[in-house]
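Structure, as structure tokens:
The values are calculated or read from the model by the stated rules, or taken from the named source; none is laboratory data. Please read all numbers here as calculations on a predicted model, not as lab measurements. No Cβ is skipped: glycine too gets one built from the backbone with ideal geometry, and neighbour counts run over all protein chains shown. Accessible surface is based on the protein model in full, side chains and every heavy atom, while ligands, DNA and RNA are left aside. Shrake-Rupley method; radii C 1.70, N 1.55, O 1.52, S 1.80 Å.
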Amino acid sequence: DILYEEVWLTTLFDVCCRVVLGRVVTAFPPSLWTVAEVIRRANLPKRPPPKMAAKYPILRRLCGRTAEIIVDNGREFRGH
């Protein structure tokens, strides 16, 4: 018997320039940990490949922390 696992992708992207700032692939459903991990990864410095940075100069300016986070109202954001 082959056991198929669900794979979950959590992403954080900039809605202005449509760039993915962080992503996490896990074998368990989204949770507070996956959200915190994707935010942590988004805050890390970005180093685009030199050829891409030359072609798209905006990629060199991807840094800093987010000012606002908009969520999709998933289960992990609901509370009493």
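Structural remarks
- Hey, F28 aromatic (F, W, Y) and within 19 Å of I70 (Cα to Cα) or not: no
- Considering residues of the stretch 18-40 that are part of a strand (DSSP E or B) and over 20 Å from E5 (Cβ atoms) only, the residue least open to solvent (accessible area, probe 1.4 Å): G22
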